[in-house]
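Any read-out appearing in this document is the output of simple, stated calculations on the displayed coordinates, not a laboratory observation. Please read these numbers as outputs of a predicted model, since none were measured by experiment. With ideal geometry, Cβ positions are generated from the backbone for all residues, glycine too; neighbour counts draw on all protein chains shown.
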Amino acid sequence: MAPPGTEEHPIRVAIIGAGPAGFYAADQILKDPATHAQVDLFDRLPTPYGLVRGGVAPDHPKIKSVTRVYDKTAAKEGFRFFGNVEIGRDLEVEDFERHYHAIIYAFGAEADRELGIPGEHLPGSHAATSFVGWYNAHPDYADRDFELDRVRRAVVIGNGNVAMDVARMLALDHDELRQTDIADHAIEVLETSTVEEIVILGRRGPAQAAYTNPEIREMGELEAADVVVDPAEAELDPASRAWIESEDADKTAIKNVEIVNGFAARKPEGRPRRVTLRFLASPVEIRGDDRVSSVVIGHNELVDDDGTLRARDTGEREELACELVLRSVGYTGIPLPGVAFDERRGTILNRDGRVLESHNGGHRTGHYTAGWIKRGPSGVIGTNKKCASETVDHLLTDTGNGALLEPAEPEPAAIEGLLADRGVDFVTFGGWQAIDRAEVGRGEPHGRPRVKFVRVGEMLEAAAGDAADEPGPE
């Protein structure tokens with residue numbers, strides 16, 4: 001038999017996770033001129049695109065347009081999509097090993113890091129990701145209740161882009177919301193919101209904030225909210241000032257500092273809401289009897305720790321009344337049974353995208369990873385392209401060296417037969433396109449880009465209503 005990667009014997013690759021990293025990996029494999037390949041992309045939801053669909057804020061349609069690039073990948077010969085297929089529920093790692101020469105884990109980091117403070121799980125305290133999933137119509141979060149009609153002040157913990165997104169969504173004007181693809185249930189709740197102030201807590205200073213320039217700049221463009229920054233908190237400590245003025249300073253950080261200083265110089269215009277940016281402030285306790293009533297804030301100072309400025313608690317305390325807390329302090333991956341996991345980093349244990357057998361072991365033949373579950377939750381959407389390329393380079397090298405899995409049933413029809421035998425109602429890319437058309441059609445009468453389905457059953461019904469299917473390898 002010809003070696004894998006030839007026209008007679010193409011390599012069969014399963015990619016688990018249909019977000020940006022999964023699509024970029026698929027594209028890199030399929031466009032390699034020296035390798036004949038067939039790629040099957042799996043996702044536990046009936047819909048592809050991962051955080052581009054379920055994480056990008058509804059008022060950021062330009063960012064979502066990256067899906068056009070992924071659609072071109074899906075149109076390539078040798079590509080198939082299997083939606084509504086969950087590893088650990090419908091298929092196991094051993095099933096993929098039986099049917100594919102290589103497996104790429106690209107399912108992201110779905111869990112939230114915890115603060116580890118008293119009161120963190122009181123009613124009214126939520127992980128920001130659940131709020132994001134809720135307003136983006138993610139099926140996992142459709143039934144969450146945020147009771148915004150009883151909130152005067154919301155506290156957002158974190159200084160990254162997700163923190164900016166959730167704060168902005170709380171502050172947007174109702175007319176602005178209705179022009180987006182936000183979930184219908186979220187529109188109804190946000191329109192009854194009584195939120196007057198959103199306080200964003202950053203544990204370090206403006207120079208160390210993790211948000212990007214566009215995200216912080218947008219805060220100053222809100223129609224219904226003033227942005228408030230205490231000039232004293234915007235002022236940099238000597239070490240931060242020295243770094244910002246040095247040649248080593250990051251351009252993003254320099255601009256962030258400039259934008260925050262601009263906010264500090266503004267006078268509020270009396271808009272219905274206000275967004276207050278706080279720095280050098282960490283939550284140390286969330287208080288309340290049966291639900292959140294306040295947050296105890298610890299004031300920090302920055303100290304040099306081997307060249308890195310870190311926040312250190314000064315012992316000074318402040319109690320801030322609030323009725324809602326959204327925690328946005330990072331994501332972590334979820335371990336997959338049968339695959340080595342790095343608990344400290346919250347990622348699959350790997351070296352440059354090659355999955356390892358153990359901390360002291362070598363590469364697990366045929367197993368790879370890309371995206372957040374490989375490197376942790378960092379970067380923007382485009383970062384996943386370089387990340388996936390590194391992984392695929394290793395996979396193609398291993399292909400050339402004959403160092404892949406030797407599947408017992410590599411025929412393309414075999415995995416479809418297995419899913420059928422197990423009663424899995426999987427969605428093809430043609431099925432997704434039917435869902436897409438239905439959602440867009442639901443939005444047209446309201447002048448909206450789409451009205452998303454929020455239930456898996458609704459998605460499957462829409463997918464089944466279209467007989468079209470994308471061409472796949474025979």
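How would you order 29-35, 393-399 from highest to lowest mean count of nearby Cβ atoms within 10 Å?
By packing density, highest mean first, the sequence is 393-399, 29-35.
How are the Cα pair distances of segment 228-320 distributed, in percent, across 5 Å bins from 0?
Taking every Cα pair in segment 228-320, the percentages come to 3, 11, 16, 19, 18, 16, 10, 5, 2, 0, 0.
Any chance you could run the full-extension gain for residue 258 through residue 34? It's 0.36 nm times the residue separation minus the Cα-Cα distance, nm to one decimal.
Going from the current span to full extension adds 75.8 nm.
Within the chain, which DSSP H helices have Cα atoms that stretch 18 Å or more along the helix axis and a mean Kyte-Doolittle hydropathy of at least -1.0?
251-265, 383-400, 429-443
Non-local amide H neighbours of residue 82 (under 5 Å, H modeled in plane, Pro and chain starts lacking H): which ones?
Sorted by chain and number, the residues that satisfy this are 41, 42, 43.
Once the convex hull of the C-alpha atoms of segment 114-329 is built, how many Å³ does it hold per residue, rounded to a whole number?
126 Å³
At 0.36 nm per residue, and after removing the present C-alpha to C-alpha distance, how many nm does the segment from residue 455 to residue 196 gain when stretched out fully?
90.1 nm
Please find the FRET efficiency linking residue 75 to residue 147, where r is the Cβ-Cβ separation and R0 is fixed at 45 Å, and quote it to the nearest 0.05.
Efficiency for this residue pair is about 0.50.
Kindly write out, for segment 302-310 in residue order, the coupling ³J(HN,Hα) from the Karplus curve 6.51 cos²θ - 1.76 cosθ + 1.60 (θ = phi - 60°), rounded to whole Hz, with x marking Gly and Pro.
Going residue by residue, I get 8, 10, 7, 10, 6, x, 10, 7, 10 Hz, with x marking Gly and Pro.
Does a label point 7 Å from the Cα of residue 422, set along Cα-to-beta-carbon, have any residues of segment 327-371 with amide nitrogen under 15 Å, and which are they?
Zone members listed by number: 337-338.
Which shape class applies to segment 157-266: rounded if a/c is under 1.5, otherwise prolate when a/b exceeds b/c and oblate if not, where a ≥ b ≥ c are the square roots of the Cα gyration tensor eigenvalues? Before the final figure, lay out each step's value.
Details: a/c = 2.65, a/b = 2.23, b/c = 1.19.
Here segment 157-266 falls in the prolate category.
Give the percent of DSSP beta bridges with both residues in the chain that are antiparallel, rounded to the nearest 5.
On the way: 26 of 66 bridges.
If we restrict to bridges inside the chain, about 40 percent are antiparallel.
Using only alpha carbons, build the gyration tensor for the chain and give me the equivalent ellipsoid semi-axes, biggest first, whole Å.
42, 27, 20
Note down the magnitude of the dipole of segment 1-117 about its Cα centre, charges +1 on Lys and Arg C-beta and -1 on Asp and Glu C-beta and zero elsewhere, to the nearest 20 debye.
Computed about the Cα centre, the dipole is about 520 debye.
Report the full-extension gain for the segment residue 247 to residue 303: residue separation times 0.36 nm, less the Cα-Cα distance, to one decimal in nm.
Values: separation 56, 0.36 × 56 = 20.16 nm, distance 2.08 nm.
Gain on stretching residue 247 to residue 303: 18.1 nm.
What percent do you get for the relative contact order of the chain when only Cα pairs under 8 Å and 6+ apart count? Walk me through the numbers on the way to the answer.
On the way: 991 pairs, mean separation 102.9, N = 474.
Worked out over the chain, it gives 22 percent.
Quick check on segment 114-329: of the DSSP beta bridges with both residues there, what percent are antiparallel, nearest 5%?
Antiparallel bridges: around 45 percent, rounded to the nearest 5.
Among residues other than residue 149 whose Cβ falls under 13 Å from its Cβ, what is the net charge (Lys/Arg +1, Asp/Glu -1)?
So the surrounding residues net to -4.
Starting from the Cα gyration tensor of segment 271-420, take the square roots of the eigenvalues, sort them a ≥ b ≥ c, and report rounded, prolate or oblate (rounded when a/c is under 1.5, otherwise prolate if a/b is larger than b/c, else oblate).
Cα axes put segment 271-420 in the prolate bin.
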